[in-house]
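Input: a single structure, listed below in structure tokens.
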Amino acid sequence: MTRRCFLEWSVLVGSALSSLPQSLLADSDPRGASLAPTPDGFGGASLAREASRILRVGCPSHNCGGRCLLKLHIENGVIVRIDTDDAPADTVDAPQLRACIRGRAYRHRQYHPDRLLHPLKRVGRRGEGKFQQVSWDEALDTVASQLLRVKKVYGNSALFVPYGTGSYSQTNGRQVAQRLMNLFGGSLGHFNTYSWACMARATETVYGTGVTGNQRQDWLNSKYILMWGWNPSEMRDGTNTEFFLRKAREQGTRIVCIDPRMTLSAVALADEWVPIRPGTDAAMMSAMAHVIITAGLHDAAFVASHCVGFDQSQMPAEAKGAETYKDYILGTRDKTPKTPKWAEAITGVPRETIERLAREYATRKPGVLYQGYGMQRRAYGEQVVRAGCVLAALTGNVGVPGGWAGGMALQAPDGGPLWNVFPTGANPVKASIPTFLWTEAVVSGKELGPEHGVRGVPRLDTSIKLIYAVASNALINQHANINRTAKLLQDERLVECVIVQDNFLTPSARFADIVLPACTQLETWGVEDGWKYGDEVLLMPKAVEPAGESRSDYQICADIAGRLNLREAFTQGRSERDWVDVALSSYRKSYPGLPSLREFEASNAGVHKVAVTKPAIAFEGFRRDPGRFPLSTPSGKIEIFSSALHALGNASEIPAVPKYIQEWESPFGAEARKYPLQVVGHHTLARVHSTMNGVDWLEEAFPHRMFVNPVDAAARSLANGDEVRVFNGRGELTIRCRVTKRIMPSVVAIPQGAWWVPTDTGLDRGGSVNVLTSERWTPLAFGNAQHTVMAEVVKA
């Protein structure tokens, strides 16, 4: 499906909203539970039920990778249709913020019959999913009493607000719970993310910063773009990123997509698709470097003046005699030159293709090597990030228009969008853990120290005893090894209290002791700016009243604060709308000309855009004069060889130069005899991670299927549409298969985010890929490696 066909189809879908059954437009749940709007009672006067109006708002997004504009058609207090940005479509300096099918289908989530409408209290075993409705007073009193109890018995470091990206609208989301915890004396902190832990940490070892990306308008100055494991058509990665790539291609830029799957991005945006075996990208990058170096195609002058560690002439004094990058690539020490022939056996990419791509990237300059995030959510995910950065440096594509430094690629000149500006305050608890290791802090908290990434203290002083999860499904569904995590949470001797605050009874919420119904972003006030890229601020005014008894995350936390004698400190007398005004003041420093809240609301524009007429170039000053504009690395230069990593003394897992390291679950390991297929859990347009699971339009357009190559299907007697069982030593699931050549042999792909639906025997009928994934973390960043999975598939 081409991008044009998909967008035309999406517009048709959006236009069809008005023809839906009245049951989806009504103020009542067809099963009998009232969805009638209730007075807000917190964010100001209730909305007037005008006969008809159009309201432009920022899309709730839920961390999809974009920030788009929605046009809500509202009749008698109910959203009856959703369109998107109707600004001029072909403007490069301030392009449309065109919503994808998820945003256009949002009404089917907003009025979904399974919305949480009332507070719930667990009455069965934890995880059993048995609850009874209780009053807000009982629910909030219980939460407050549990917070006080756990604090008294174990201290504040036993409290934990986990990672959650279900809302980024300032007044809705985990940030308001973190503010509450900080006022309450603090809670165990966490750092890095499930999204790009390795990307962020590894990029800094090369450049000393994560701000390594040019503004996207500069892609039109590129002659060559490698989309390496990057799929913006499905995961977005900045609203209208596809638009910029299409404009670059229209003017002659060659685009090559390297990915195990022929993604929608490969089909719609690229000139060529190169399938590669998952987890071997660093091997191919090393082989490309071998071609570039041995053919004399590297920018020798730039490497000599702006880099350290390429060869022995550039080694830091403390590492003289250590293996250099050139040593590794040429095989000087290990006697294995990293040739295309060597890489072909590992990657499955023909050696001729590797050599051709290397020459193209080195000679068709300036060029972009854009690294997607999936490749670094793997064992040793730090290596592929560093390898990509070094290729950019090797070819001199750093600090020039049309080039790209690689890695984290936050937007120059200052890192791009601000995301959350809601003030959480300082956390009095100094201890923090890597985000992905929260289950380890449940099991063996006092044993965790620096070797597990713990910061701020020598060791944790307690395990996690109370979890307050807001806008997060990472307790169960999005964390690795679901069956292990479920057993941990079922044991009430470990985590003594679990509170979940969400729009739906998610798999994580089923393990809660108290469930608090949160309203959606369309039912309260909020504001957002771009996602990683973008130069705009989107207003999110309250569009409709909250469903049932649901309340905003901010109101819920304010009500808890009141029971802890912290209401005034928490609210400062402000409503959600007032906090949006405060947020705009913070945004105004980065977005010149941003109107006042009153002006913004009155305009009904929904968005304030800053036109980009001269795209910022990362490291432009450094490129011009490295002495005057040094990097924030120890050497002040690009560190192909990292002295800091060398000092760690763990060369087999954290080498000082980027290397290919065979993964701990691999088609080349003994485990492949029993579980011969690699599994990747890719993003899908049917969901945003696990959010929007169960939305009928999306499931019809993008049904939940496992992608399998005809070679592997034939070996297992599988036909298209068959129900299959996918399993390994951690779990098993059932799912229907799609037999297609759009995935390389020996690899299967299961769209991530499907909700876990276990049977009594533990078989997951929901098709959640995380029943197969491992809780093992990466060695440097302590990041998740959830894409490193081996499994087997049989007909169910």
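Return, ordered by residue number, the residues of the stretch 530-555 whose backbone nitrogen is under 12 Å from a label point located 7 Å along Cα→Cβ of Ala87.
530, 534-539
Where does the Debye-calculated log10 I(q)/I(0) of the stretch 448-593 sit at q = 0.13, 0.14, 0.15 Å⁻¹, using only Cα point scatterers of equal weight, no solvent?
-0.84, -0.94, -1.03
For the chain, what % of the accessible area comes from carbon and sulfur atoms, probe 1.4 Å?
Summing carbon and sulfur atoms, their accessible area is 51 percent of the total for the chain.
Hey, got the dipole for the stretch 567-671? About the Cα centre, +1 on K and R Cβ, -1 on D and E Cβ, debye to the nearest 20?
700 debye
What lysines does Lys609 reach when the alpha-carbon gap must be under 23 Å and sequence neighbours fewer than 8 apart in one chain are set aside?
Lys71, Lys247, Lys532, Lys542, Lys589
If you take the charge dipole of the chain about its Cα centre, with +1 on Lys and Arg Cβ and -1 on Asp and Glu Cβ, which of Val794, Phe668, Gly127 is farthest toward its positive end?
Of the listed residues, the answer is Phe668.
Would you mind pulling out the separation of the Cα centroids of the stretch 607-673 and the stretch 691-708, in Å?
36 Å
Rg and Dmax of the chain over Cα atoms: what are they, in angstrom?
Here Rg and the maximum Cα pair distance are 25.8, 78 Å.
Which links in Lys365/Lys637; Lys674/Lys795; Lys614/Lys659 stretch past 28 Å when you go from one Cα to the other?
Over 28 Å Cα-Cα: Lys614/Lys659.
Viscosity 1.306 mPa s, temperature 10 °C: what is the translational diffusion coefficient of the stretch 677-717 from Stokes-Einstein with a Kirkwood Rh over Cα pairs, rounded to a whole number of µm²/s?
Answer from the Stokes-Einstein relation: 133 µm²/s.
Does the stretch 704-796 come out rounded, prolate or oblate, given a ≥ b ≥ c as the square roots of the eigenvalues of its C-alpha gyration tensor, rounded meaning a/c under 1.5 and, failing that, prolate meaning a/b above b/c?
On the way: a/c = 2.12, a/b = 1.34, b/c = 1.58.
In terms of gyration-tensor shape, oblate.
Any chance you could list the semi-axes, whole Å, largest first, of the equivalent ellipsoid that the Cα gyration tensor gives for the stretch 102-156, using √(5λ)?
Each semi-axis is the square root of five times an eigenvalue, giving 31, 15, 12 Å.
Rank these by accessible area, largest first, 1.4 Å probe: Phe707, Phe160.
Phe707, Phe160
Accessible area of Cys59, 1.4 Å probe, to the nearest 10 Å²?
Here the accessible area works out near 10 Å².
Excluding ligands, DNA and RNA, what is the solvent-accessible area per residue of the chain at a probe of 1.4 Å, expressed in Å²?
Heavy-atom accessible area per residue stands at 34 Å².
Just grab the label-to-label distance for Asp414 and Asp491, each label 7 Å out from Cα along the Cβ direction, in nm (one decimal).
4.8 nm
Let me check something: with ligands and nucleic acids excluded, how do Arg236, Arg725 order by accessible area (1.4 Å probe), largest to smallest?
Working: Arg236 15, Arg725 80 Å².
Sorted descending by solvent-accessible area, the residues read Arg725, Arg236.
Which peptide among 559-571, 542-554, 442-454 comes first, and what is the full order, when sorted by highest mean count of other Cβ atoms within 10 Å? Each step should come with its number before you reach the end.
Working: 559-571: 17.3, 542-554: 24.2, 442-454: 15.8.
In descending order of packing, they fall as 542-554, 559-571, 442-454.
What ranking do 599-608, 497-506 get when scored by the average of other Cβ atoms within 10 Å per residue, highest first? Each step should come with its number before you reach the end.
Numbers: 599-608: 17.0, 497-506: 24.3.
Peptide ranking by packing, descending: 497-506, 599-608.
Setting aside same-chain residues fewer than 8 positions from Lys223, which aspartates and glutamates have a Cα under 20 Å from its Cα?
Here the aspartates and glutamates satisfying the reach criterion relative to Lys223 are Asp93, Glu242, Glu250, Asp271, Glu272, Asp299, Glu355, Glu360, Glu620.
Have a look at the stretch 548-591 and give its Rg and Dmax from the Cα atoms, expressed in angstrom.
In Å, with Rg to one decimal and Dmax whole: 12.7, 38.
Just for the chain, what percent of DSSP beta bridges are antiparallel, to the closest 5?
Here the antiparallel bridges make up roughly 55 percent for the chain.
Let me cross-check Trp196: its accessible surface, 1.4 Å probe, with only protein heavy atoms counted, in Å² to the nearest 10?
30 Å²
Starting from the residue with the highest accessible area, list Lys659, Lys151, Lys532, Lys614 in decreasing order, probe 1.4 Å.
The ranking, largest first, comes out as Lys614, Lys151, Lys659, Lys532.
Roll a 1.4 Å probe over the protein heavy atoms and report the accessible area of Tyr380 in Å², nearest 10.
Rounded to the nearest 10, that gives 30 Å².
The values are calculated or read from the model by the stated rules, or taken from the named source; none is laboratory data. Because the structure is predicted, anything quoted here is derived from the model rather than measured. Please note: Cβ atoms are built from the backbone with ideal geometry, for glycine as well, and neighbour counts cover all protein chains shown. When the accessible area is computed, the model is the full protein with side chains, heavy atoms only, and any ligands, DNA or RNA have been set aside. Shrake-Rupley method; radii C 1.70, N 1.55, O 1.52, S 1.80 Å.
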